[in-house]
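The values are calculated or read from the model by the stated rules, or taken from the named source; none is laboratory data. The model shown is predicted, which means the values in this text are computed figures rather than measured ones. Here Cβ is always computed from backbone atoms with ideal geometry, including for glycine, and neighbour counts include all displayed protein chains. Quick note on the areas: whole protein, heavy atoms, side chains included, nothing else; ligands and nucleic acids left out. Shrake-Rupley method; radii C 1.70, N 1.55, O 1.52, S 1.80 Å.
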Amino acid sequence: MGVTQASSMSMLGAGANGSTPMVEVREVTKRFDRHIAVDGLSLQIPAGEVYGLIGPNGAGKTTLIRMLVGVEQPTLGDVVIDGVSLKEGDRRKGVAGQIGFLPDDFPIYDDLTVWDYLDYFGRLYGLHGRRLIARIYDVLALVKLDHKRDAKANTLSRGMKQRLSLARTVTHEPTLLLLDEPVSGLDPIARNEFRQIVRTLHEGGMTILISSHVLSDLAELCTCVGIMETGHLIASAPLSELYDQFARQTLHLQVLDRLDDLQKILADNEHIGVMDINRGQRRVTAEFHGSESDRATLVQTIIAAGISLTDFRCDRDDLEQIFLKLGSQQTS
Amino acid sequence: MSFLSTQGGLNTTVARWSDAIGRWNPQLLRELRGTLTVKSCVVAVSAAWVVQGLLAYGVSGSGSGQWHRDALFLSRLIWVFLMALSGSASIAQNWVREAKLGTLDFLRLSPEPPWRILLGKMLGVPALCYVAAIAWLPFHLYLAIRAGSDLGIWLATDLFNVSVLVTFLSIVLTLSTWAGKLNLMWAYILGDFSFILWPLLFFGAAEADEGTAIPGGFWWFGVDLSQSTMLLLGWGAVVMMTITGFCWSVACRRFNSPNATPLLRRQVYQLFAGFNLLCLGFFLPISDPLGPGAVGGWGAIATIWTMLQALVLWGTMPSRQQLMDWGRYQHFLRQNPQERNAQKQGVGKQRKRPWNPSWNPLIWNSNSPPFMVPLANLVITWVIWSPWVVMQAGNDNPVGVVLLLGLGITTAILTTIGAITVWIAIKMPRAQKFWLAAIAMASVTSLFSLGLFGASFAGLIGLSAIPASLISIAFARGALRQVGKSESQLMFDSSPQSP
């Protein structure tokens, strides 16, 4: 697929109901001297989505996120958060309270306790008094660090520090959460805990953008996915749509007998591609290019023909394989 | 854990106080929490008492009245110096640590205004120094009473010292905002640059005891400030506060936009206007323009003026990327005359500009190449000194007028350097630092060499700087046009989604 397709797809999941998207990136280019980090990228993320941004190192994910936060200014184009353009410096402070940002290295003040750390950032965002105290208790419970509130930050493990950083980013109850490689360097248990927290935040109505290399995590969390390569957004769509369009499906069927009849039914089906038949094991492996309902229809047809199926499986490309496929297409 | 925590709720007095401080300035509370532990406070207070004890012991040999006067003088010097040293070190170190840690971005992204964050840092980071100073205060007051000092003068002198200290720490804080790209040692060196203010500390410290016996008086715009200690200290405090205000405007800009040029054009012109007004005060009304004091004063002013010009030229020089963006934007305006006209007429602005010539952005826009900055500073200087020039009209030997014209040659030289710098930034990005160092060295060497041939010859050769500056500007503008055109092509050709 080409860039044109990607740019049209980037609008698919956005603003479908006509409401203002939470994030709108308009033809943004970011240059660092001779290097173009982000190249004419457009993107819309509707409110309430969990948007996964994937791409290899140097694809421009971090630069894009830093522009969304306002740390970097685009060389060309504009970033609009909840209807407010970040070009207008004075208004940028206005949306600051709506954004929570977790950078990949999640720096923490070691000289403060967990409580004082959250108290400080809550106050920076205008929380005070009993409301602030109640909020700190809430986020500590959310990230399961209540038992560590007296501990100095430098005594925490990497996973705990990461959760503390996440607690910091949500203390002021932002509507948009930007997470840059949030699970890098974490063990599987910590990653799982992190996923749970992100799910809880999403259920609370937060719009979340996550960039990550760990594609299996994104597949579980995200509702939409964008694939970046060399500063371009080569695909952006709801996850289910991405699977439907780009995931290769392979059917594995095994029958008790009547292998030739099965072969005929499959050959007549318009969604079946190349087939591989193993007569000894009465097994057929076939490429499938249809939707879930097409697959259900196929099963019904086989059963209606009186063929005894002993096995029916469908393997589908995962996000990583889709990413590799699109990446290689873009490179070529 | 700091005793300022609100973790147990807001039930205790300390917790309520902490909450009140945090409501006013969250950054201050954060710094106090990091700094003020029971242990650190005990150490600071103990250290203050130990130094007081040593001071009392050291001057105990003097006579009773003199003992207290000497002790008061030393007390004042010691606390100001210790505060300046330890305060500047802690601020520089804190900033570098935050820059290395990467937490400054969090502060920038918060809705808090920059001045409040910087104020919190300046008040909170050296908090232990302030604790020690408070522990020092009773002893200091006791000495003043026993020495028979006028308490009004005593208070005014200490307030002046506080204003100098605030200026000192503000300079360190401003310089520290560059620390993200430097290392800790470099930050200390920059902090030490502020030592030029230290003579003022002596001045303030000596005031209460030595009186205001300045030979020949201290004249500023015809007023002898040395007539009254309070007047002199008040004047000094106002000057310090003006410098502080300028530092804060620069620091806030640096904090908000670390990738932008260090100085706004507006700030540069304010700096030059302030500096020239301050200097003019010492020369109006003038009785003897060729007196020994006046000639020395002229030399000092011309030297500082030239240094300031060089400093602001560096401070207003955009990065290579900003210059390329500027070139590209100018190319866009050349291709779209309607846009240019709309800009000239102030379309989209609340207030229409009555007069907006095409070179206006070169004077005011921070991303433009600083060709016009030295010239604008020269014009400001000439305008401010024009009343003085008028008064010198009948003088047979108008050395000051000649010097003011001479500043024009310095301006031309600096403009040439600025234009060459722009050209190098665009054309030779790889060897940029090498060529800039070579140009700086060549400029300094040639200036010294010219001095060897006498003033007339130097002046004659110096005049060649004016056409040189025009030629170098033409080259730099040519390079900007070229890069603007090629950058536009590169940007739009490589961006398939662009129109």
Worksheet item: Do the conditions hold for A:Leu118, that is, is it more than 13 Å from every other protein chain (Cβ to nearest Cβ), touching a helix residue (DSSP H, G or I) at 6+ places or on another chain (Cβ under 9 Å) and buried (at least 23 other Cβ atoms within 10 Å of the Cβ)?
Response: no
Worksheet item: For A:Leu186, are the conditions met, namely being assigned to a strand (DSSP E or B) and either surrounded by fewer than 21 Cβ atoms within 10 Å (Cβ to Cβ) or in the same structural domain as A:Tyr51 (by TED's automatic domain parsing) (or both)?
Response: no
Practice prompt. Within segment A:192-213, track down each residue that is among the hydroxyl-bearing types (Ser, Thr, Tyr) and open to solvent by less than 30 Å² (accessible area, probe 1.4 Å).
Written response: A:Thr207, A:Ser211, A:Ser212
Worksheet item: Which members of segment A:7-50 meet the condition of being at pLDDT below 75 and at the interface with chain B (Cβ under 9 Å from one of its Cβ atoms)?
Response: A:Ser7, A:Asp33, A:Arg34
Discussion item. Residues that are among the aromatic types (Phe, Trp, Tyr) and more than 30 Å from A:Ala37 (Cα to Cα): does segment A:243-260 have at least one?
Written reply: no
Discussion item. Can you tell me which of (1) surrounded by fewer than 20 Cβ atoms within 10 Å (Cβ to Cβ); (2) within 13 Å of chain B (Cβ to nearest Cβ); (3) modelled with pLDDT of 85 or more is the one A:Lys93 doesn't meet?
Written reply: (3)
Discussion item. Any residue that is closer than 26 Å to B:Trp248 by Cα, of a type in the set (S, T, N, Q), away from chain A (no Cβ under 14 Å) and under 19 Å from the mean Cα position of the chain (by Cα) - is there at least one of those in segment B:87-108?
Written reply: yes
Discussion item. Let me spell it out: the conditions are (1) over 27 Å from the mean Cα position of the chain (by Cα); (2) modelled with pLDDT of 90 or more; (3) within 13 Å of chain B (Cβ to nearest Cβ); (4) open to solvent by 10 Å² or more (accessible area, probe 1.4 Å), and A:His147 meets all of them except one. Which number is the exception?
Written reply: (3)
Item to complete: For segment A:102-114, state whether one or more residues are over 26 Å from A:Met22 (Cα atoms), within 12 Å of chain B (Cβ to nearest Cβ), among the hydroxyl-bearing types (Ser, Thr, Tyr) and crowded, with 18+ Cβ neighbours inside 10 Å.
Response: yes
Practice prompt. Look at segment B:94-115 and say how many of its residues are surrounded by 17 or more Cβ atoms within 10 Å (Cβ to Cβ) and closer than 18 Å to B:Val172 by Cα.
Written response: 7
Worksheet item: Taking segment B:116-137 on its own, how many of its residues are open to solvent by 10 Å² or more (accessible area, probe 1.4 Å) and under 25 Å from the mean Cα position of the chain (by Cα)?
Response: 7
Fill in: helices (runs of 4 or more DSSP H) enclosed by segment A:28-143 - at least 3 residues per element that are touching a residue at least 24 places away in the same chain (Cβ under 8 Å)
A:61-69, A:114-124, A:129-142
Worksheet, complete the sentence: The residue that is farthest from the other protein chains (Cβ to nearest Cβ), considering only those in segment A:51-82 that are among the charged types (D, E, K, R) and open to solvent by less than 40 Å² (accessible area, probe 1.4 Å), is A:Lys61
Worksheet entry | Which numbered condition B:Leu313 fails, given (1) open to solvent by 30 Å² or more (accessible area, probe 1.4 Å); (2) at pLDDT 80 or above; (3) closer than 30 Å to B:Trp220 by Cα | (1)
